[in-house]
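K.L.:
Pasting in a structure now, in C-alpha cells, and then I'll have a few things to ask.
The values are calculated or read from the model by the stated rules, or taken from the named source; none is laboratory data. Everything numeric here is computed off the predicted structure, so don't read it as measured data. Heads up, the Cβs are rebuilt from the backbone with ideal geometry, glycines too, and the neighbour counts pull from every protein chain shown. With ligands, DNA and RNA removed, areas are computed over all heavy atoms of the protein, side chains included. Shrake-Rupley method; radii C 1.70, N 1.55, O 1.52, S 1.80 Å.
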Protein chains: 2
Amino acid sequence: MTVTPWKPLADTKRQSILDAIPSKWRIQEPIPADTELRNVTGAYIQKFLTPREIEITELDAYGIADRTTTGEWSAVEVTEAFCHRAALAHQLVNCLHEIFFDAAIDNAKRLDAYFAEHKKPVGPLHGLPVSLKDQFHVKDVETTMGYVGWIGTFQGLKDDPRNRVFESELVRELRGLGAVLYCKTSVPATLMTGETVNNIITYTTNPKNRLLSSGGSSGGEGALIALKGSPGGFGTDIGGSIRAPAAFNGLYGIRPSSGRIPYEGAANSMDGQNSILSVIGPLAGTARSLQLLFKAVLGQQPWLYDPLVLELPWRSEIELDTRRLVEQSAKDPSKLAFAIMKDTGVAKPHPPITRALQIVEQTLKRLGHTIIEWTPPPHITADEIAGTVYGMDGGADVQYHLGLAGEKPAPQVILPAGLPQKTAQEVAGINVAKREYQKQYMDYWNSTAQLTGTGRPVDAVVCPVAPHAAVIPNRYDYVGYTSFLNLLDYTSVAIPVTHADKSVDVAQPRDFLSEVDEKLYNGY
Amino acid sequence: MTVTPWKPLADTKRQSILDAIPSKWRIQEPIPADTELRNVTGAYIQKFLTPREIEITELDAYGIADRTTTGEWSAVEVTEAFCHRAALAHQLVNCLHEIFFDAAIDNAKRLDAYFAEHKKPVGPLHGLPVSLKDQFHVKDVETTMGYVGWIGTFQGLKDDPRNRVFESELVRELRGLGAVLYCKTSVPATLMTGETVNNIITYTTNPKNRLLSSGGSSGGEGALIALKGSPGGFGTDIGGSIRAPAAFNGLYGIRPSSGRIPYEGAANSMDGQNSILSVIGPLAGTARSLQLLFKAVLGQQPWLYDPLVLELPWRSEIELDTRRLVEQSAKDPSKLAFAIMKDTGVAKPHPPITRALQIVEQTLKRLGHTIIEWTPPPHITADEIAGTVYGMDGGADVQYHLGLAGEKPAPQVILPAGLPQKTAQEVAGINVAKREYQKQYMDYWNSTAQLTGTGRPVDAVVCPVAPHAAVIPNRYDYVGYTSFLNLLDYTSVAIPVTHADKSVDVAQPRDFLSEVDEKLYNGY
C-alpha cells in the first residue's frame, strides 16, 4: 500500500469547501452521474433558483453594473443570487477553491449603505460580484493554487504573517471599485496545463458536457461563469490559460499584453521567470463586460502600485478611432482587412474548429471585408522557444511545491522531468531568440500593409484558440494556438463562434504535418 | 616574453582610425603631454579652427537644428565643421572608434539638395550631426565595441553577411529624421566599467583634465561632446554609463526607462540578460537638446520596429502640465517639492559632490521650494541585487568576446572571475528580489505625498551621479549612485552643477559607512 500522507489533508480541505456552502443552498436530491446528465447549464441549474435569481444571474456583468451602480438593484440581492448560483455550480462541476459568502454579503450591505447615504456608487463595479482565480490573496481566505502543501500556509511558507491577512494588489483595486468578492476558482496544481485538476478539488468538468474538460489553467473561472455562477472574473494566462477556458465554455476572455493588469502580490508558478510573463485578464459572457472590467482596473492607476505595470490608461481615443473605422466600414467594407490563420503549420485543428473558422471567414467575406492570406514566420519556432521557457528551471519550482506535501500530480500536469536547469547565459540566449522571433513577426505583420488595400496592416488575425473544442480529460496535447501569442506578447481575445456538432463535424482522412498533428487527429 | 597575437591587430585598427582623418585636419604641432596641458577644451582646441567653425560647433544641438531645418545653415557646412572638430578631439583624447566623414559629407550634400528642391527639411534633425557610441551598426563601418576580436567581423562572427551592411534600428530612424552620422565613439571593452579603456584606442581621457577619466561606458560620447566635436549623441546605460560620462564632462544626459529608444539591432554585452535592461539615451550640452533628440526618435514610432519599445509617444500633455506647474511655482514656490539624497548610506561622496548638492539645496530653498528628508529603503539591497545581475552569467559572455582575440582587458574592466553561472531558478529569484525592491521604493516614493504639502509625492529627487567628480584612472570604485536607478528603472537625468575646486573642497576626517566608503575617502 502506498503511503499518501497528503490525502487526508486534501480530503479535509475539499470537505471544508463544501461545508462553506450554507445548507439551504446544498443540492438535496442526488446529482445525476455525468454520463447520465452531461449538460448542467440552463434548465438543470435553473430549477434550484427562483425566477428573480435567474433574472439577476443571467444578465451580463455590464448589465448588472448598470443596475447596481444606479441603485436599481441592491448589492445584497445581487450578491446573494450569485453566491447561491456559485454554490450550485461548485456542487455540479467542482469549480471553487474558496467560498466566502458571508464576507461578501457583509460587504454588499456596506455598499448598499454607502449608496443610500451618498446617492452614488463607490465605483464603476459597485455591487458587482467578481470571481477570482485562486492565485489572488484575499484577507481571511486561504490560497492553495491547487497545492496540498499550501494548505494552512502562505504560498507554502508556514507561520508567515501574511497568511490570511495579505491582499493582492488587484484585490485591493477591485474593492476600491466597489466589486464584491465572494469566491476563488479552481486551477490545476502548477498552473501549467490546459485542464483543471488537482488533489484538492479533483477535476473541474465542463458544465456543457461533464465528460469533458473546462479548460485550464483558469478552468474554474470558465466553468463558473458558464454556469452563470459569476458574471465575470479574473484569470491568468502564460500559454493560453484565459483563452482556453473561455473557448471551452463559450465565453469571451482577453489576454492583454504584459504590464496592464497588476500581478503584484499574486501567487504564481515560477515567479520571477520573466522571459514569458504570465498576465492577468478578465473572462465574461459578453465583450462589453470584458471592457467594463478592464477599463475599471486601469481607472485605479495600477502603475502607481505595481512596478511592472505601464503608465498606460484606457485610451479612449483608440477606442473612438476603432469605432469610427467600424462605422465607416459599413459604407465601404473593404476598409477593414483580416487574415485567417487556419493552422499553425505544426498541427491542424479538429473539424469543429475548422468549421468555426469557415463561419468567420464566410461572414467577413459576406460583409465585404478584405481577407488576406496569412503566411507568418514558422510557428514551430514559437512552439520551441515557448516550450523551452516553460521548462527553463527543469521543473524545480513546481517540484518544490508539490514536494511540500509529497503529493503526486495528475498526469495532465506537465513536469519537465529530469531536464537540467538553464544557466543565466542560456536564459539570455532564449531571450534573444524570443526577441528575434518577435521582430520577425512584427516585420511580417507590418508587411501586410502592402496587401490589405487599407493603407494599414491587417486589422486582426483570426485563429483557433485550441486545435479542439473542450477536450476529453488528459487529451490537451498542443498549446501552440495560444502560446505563440504569449511569446509575441500580443493582445488576444477569445470570441465564441459555434459549438461542436458530431453530425456535421466529420473528420476526413488526410496527411499529417507532424507527430503531434497525427496524435490530435487520432484523438478526435 | 608574453605572446600577444592580438596586439598587431589592435595597433593596425588604432592606426586606421587616425588614418581616416584627412591630413588637413591632423594636428601638425606636437601635442603637449597631459601633465603639461591638462585642459584641451576652449582656447586650446579653438586655435585649430576658423571663427566660423567655432561659431557653428559651439552652438547646441537645438540651436543648430533650428538653423539647419530652416535652411539658414547648410548641412554640409555644419557637418564639415563637426568632422573637423571631432578629428581634433580624437587626436587630443582618443574618443573615436570609427570615422566616416566622407559618407557624412555626401549625406549632407543630399540633405542640402533635398532642402533646395522641396524647401523643407527631411525631418526635425535635418543636417544635425549626431555621434553614436560604438554599439550601433552603421553601413560600411565596423563595430568593435572595444573588442580586438570583433575587428573584421560582425559582433565577433567571421564572414557574417551583416558585417558593414546591417544598420541598427536607431541608425535607420536617425537617418529618417535627417541626422548626419559621421563617427562612432569609444567604449570600454565589455561596457561594464565607469571608465573608457580598451586595447584598440587605449584610454579616453577627460578633455578638461587629461589626467582623469572621461567616464564610461559612454566615455567617448562624453569626451567628444565636451570638446564640442559633437552637438549631441546617443549612449547606453545599464549602471550609469550615460550619466557618469555626462557628469564627468559637464553635460546633460538622460537614462530613460526601458522600452523608449529602440535598442533593436544594436550590439551589447550579455545580450538577452533582461533582469536589468541596458537602455539608450542622448547626451548633449543643453537640456533642450536632449528633448530635441528624444522627441525626434519617438516621432519615428519605434514601437512599430522594435518589439521591446512601448507604444508611448512623446506626451505633450505631461510636458505642458509640468511647465504649467513650474510657472505656478513662480507665484507659490511651495507648490514644488524636492528631496535631496545626500548619500546612499553605503558610501559618502567626495567634498566637491557634497558641495554641489549644497548648491542645489540652497538654491531650491532660496527659491522657496519645499524640501523633504529622503529616507528610502536601504540602498545596500539595491547595490547587492544590481551587482548580482551584472555578474549573473559568471562573466561567460565577456570572457568569450575577450577570448576571440585572446586579449587581456585593462584592470578597470570588471570580470566576475570564477563565479558560477546562476541557474534559471536563481535568475527568477533575483527578478523577484528586484521586483520586491521596486515595490518598496515605489511605496516609499508615494508615501512622500504625506510630507510635501503639494498633494503629490516629491516632484524630483536630487542625488549625486557618482561619489566623485571625474576620477583618476582605475579609481571608479562605487556605482551605487547610478545603478539603483537602473534597478528601479526610473528615468534619471544628469545635470551639471559645478566643478571640483581643490582650494574649497577639503576633506574632513570622518567615520566610515563601509569598506568601500573608506576606500573612496582615502582615494580623494
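K.L.:
With every protein chain kept in place and ligands, DNA and RNA left out, what is the accessible area per residue of the protein assembly as shown? Probe 1.4 Å, answer in Å².
P.N.:
Using a 1.4 Å probe on heavy atoms only, each residue of the protein assembly as shown averages 41 Å².
K.L.:
Please identify the DSSP H helices in chain B that span no less than 24 Å along the helix axis (Cα) and have a mean Kyte-Doolittle hydropathy of -1.0 or more.
P.N.:
B:75-93, B:101-118
K.L.:
Here's something else I'd like to know. Name the lysines eligible as straight-distance cross-link partners of A:LYS335: C-alpha to C-alpha under 24 Å, and not fewer than 8 places from it in the same chain.
P.N.:
Correct list for A:LYS335: A:LYS365.
K.L.:
Let me ask you something else. Among the listed pairs B:LYS184/B:LYS434; A:LYS139/A:LYS295; A:LYS342/A:LYS502; A:LYS109/A:LYS228, which have their C-alpha atoms separated by more than 30 angstrom in this model?
P.N.:
The answer is B:LYS184/B:LYS434.
K.L.:
Then there's this: List the aspartates and glutamates whose alpha-carbon lies under 16 Å from that of B:LYS47, not counting same-chain residues fewer than 8 positions away?
P.N.:
Within reach: B:GLU29, B:GLU55, B:GLU58.
K.L.:
Once you place label points 7 Å from the Cα toward the Cβ at B:LYS519 and A:ASP443, how far apart are they in nm?
P.N.:
4.4
K.L.:
May I ask for the Kirkwood hydrodynamic radius of the stretch A:275-396, worked out over all distinct Cα pairs and given in angstroms to one decimal?
P.N.:
Roughly 18.5 Å, rounded to one decimal.
K.L.:
Comparing the chain by itself with all protein chains present, which residues of the stretch B:428-448 are at least 50 Å² less accessible (probe 1.4 Å)?
P.N.:
SASA drop of 50 Å² or more in the stretch B:428-448: B:ARG435, B:LYS439, B:MET442.
K.L.:
Please report the antiparallel percentage of the DSSP beta bridges confined to the stretch A:9-316, to the nearest 5.
P.N.:
Close to 75 percent.
K.L.:
Taking a 1.4 Å probe, which of B:SER218, A:SER16 shows the most accessible area, and what order do the others take after it?
P.N.:
Sorted by accessible area, descending: A:SER16, B:SER218.
K.L.:
I've got another one for you. Taking amide H positions as placed 1.01 Å from N in the peptide plane, with prolines and chain starts having none, which residues 5 or more places from B:ILE372, or on another chain, fall under 5 Å of its amide H?
P.N.:
Counting only residues 5 or more places away or on other chains, the set is B:PHE338, B:ALA339, B:ILE340.
K.L.:
Which GluC sites (Glu not before Pro) in the stretch A:39-97 sit in a loop by DSSP (not H, G, I, E or B) and have at most 12 other Cβ atoms within 10 Å of their own Cβ?
P.N.:
A:GLU72
K.L.:
Looking at the protein assembly as shown, send over the antiparallel percent of its DSSP beta bridges, to the nearest 5.
P.N.:
Bridges in the protein assembly as shown are about 60 percent antiparallel.
K.L.:
Hey, got a sec? Which trypsin sites (Lys or Arg not before Pro) in the stretch A:236-329 land in a DSSP loop and have at most 13 other Cβ atoms within 10 Å?
P.N.:
Qualifying residues, ordered by number: A:ARG315.
K.L.:
Here's something else I'd like to know. Any chance you could check the stretch A:232-273 for residues losing 30 Å² or more of accessible area when the partner protein chains are in, compared with the chain on its own (1.4 Å probe)?
P.N.:
A:GLU264, A:ASP271, A:GLY272
K.L.:
Hey, with R₀ at 45 Å, roughly what FRET efficiency would A:ALA116 and B:LYS120 work out to, going by the Cβ-Cβ distance, to 0.05?
P.N.:
About 0.10, to the nearest 0.05.
K.L.:
Given the whole protein assembly as supplied and a 1.4 Å probe, what does the accessible area of B:HIS350 come to in Å², nearest 10?
P.N.:
Probe radius 1.4 Å; accessible area of B:HIS350 about 20 Å².
K.L.:
If you find the alpha carbon centre of the stretch B:162-187 and of the stretch A:181-214, how far apart are they in angstrom?
P.N.:
53
K.L.:
Still on this structure, I have one more. Just from the alpha-carbon atoms, what are the Rg and Dmax of the stretch A:238-325 in angstroms?
P.N.:
13.9, 42
K.L.:
Would you calculate, for chain A, the mean residue ellipticity at 222 nm contributed by helices, counting each DSSP H stretch of 4 or more residues as -39,500 (n - 2.57) and dividing by all residues, to the nearest 500?
P.N.:
-11500 deg cm²/dmol
K.L.:
Taking a point 7 Å out from Cα toward Cβ as the label site, list the nm distances between A:PRO473 and the same residue in every other copy, smallest first.
P.N.:
Label point to label point, same position, other copies: 7.3 nm.
K.L.:
May I pose another question? Report the accessible surface area buried between chains A and B, summing both sides, using a 1.4 Å probe on protein heavy atoms only, in Å² rounded to the nearest 100.
P.N.:
Buried area (both sides, nearest 100 Å²): 2800 Å².
K.L.:
Let me ask something else. Express the carbon and sulfur contribution to the solvent-accessible surface of chain B as a percent, rounded to the nearest whole number, probe 1.4 angstrom.
P.N.:
54
K.L.:
If DNA, RNA and ligands are ignored and the probe is 1.4 Å, what is the ranking of A:LEU211, A:LEU308, A:LEU125 by accessible area, most exposed first?
P.N.:
A:LEU308, A:LEU211, A:LEU125
K.L.:
For the stretch B:327-523, rounded, prolate or oblate, judged on the Cα gyration tensor with a ≥ b ≥ c (square roots of eigenvalues), a/c < 1.5 rounded, else prolate if a/b > b/c?
P.N.:
Oblate shape, in that a/c is at least 1.5 and b/c is the bigger or equal ratio.
K.L.:
Taking every DSSP beta bridge that has both residues in chain B, what percent is antiparallel when rounded to the nearest 5?
P.N.:
Approximately 60 percent, going by the DSSP bridge assignments.
K.L.:
Given B:GLN328, B:GLY455, B:ASN274, which one lies farthest toward the positive end of the charge dipole of chain B, if we put +1 on the Cβ of every Lys and Arg and -1 on the Cβ of every Asp and Glu?
P.N.:
So the residue furthest toward the plus end is B:GLN328.
K.L.:
Sticking with this structure for a sec: Would you give the gap between the C-alpha center of the stretch A:300-322 and the C-alpha center of the stretch B:434-475, rounded to a whole Å?
P.N.:
After rounding, the separation between the Cα centres reads 25 Å.
K.L.:
Please enumerate, by chain and number, the aspartates and glutamates with C-alpha under 14 Å from the C-alpha of A:LYS120, excluding those fewer than 8 residues away in the same chain.
P.N.:
Counting by Cα, and skipping residues close in sequence, A:LYS120 has these aspartates and glutamates nearby: A:ASP66, A:GLU72, A:ASP112.
K.L.:
Please compute the modelled spin-label separation between A:ASP332 and B:LEU451, points set 7 Å along Cα→Cβ, answer in nm with one decimal.
P.N.:
About 5.9 nm separates the two model spin labels.
K.L.:
Would the protein assembly as shown count as rounded, prolate or oblate if I go by the C-alpha gyration tensor, calling it rounded below 1.5 in a/c and otherwise prolate when a/b exceeds b/c, oblate otherwise?
P.N.:
Since a/c reaches 1.5 and a/b is larger than b/c, the shape of the protein assembly as shown is classed as prolate.
K.L.:
Continuing with this model, one more query. Ordered shortest first, which distances in nm separate the 7 Å Cα→C-beta label point of A:ILE105 from those of the other copies?
P.N.:
Its label point is 8.8 nm from the equivalent points in the other copies.
K.L.:
Is the shape of the stretch A:181-316 best called rounded, prolate or oblate, per the rule: a/c under 1.5 gives rounded, else a/b larger than b/c gives prolate, else oblate, with a ≥ b ≥ c the square roots of the Cα gyration tensor eigenvalues?
P.N.:
Note, shape of the stretch A:181-316 comes out oblate.
K.L.:
Can you list the copy-to-copy distances for B:LEU325, using a point 7 angstrom from Cα toward Cβ, in nanometres, shortest first?
P.N.:
Distances between equivalent label points, in nm: 3.3.
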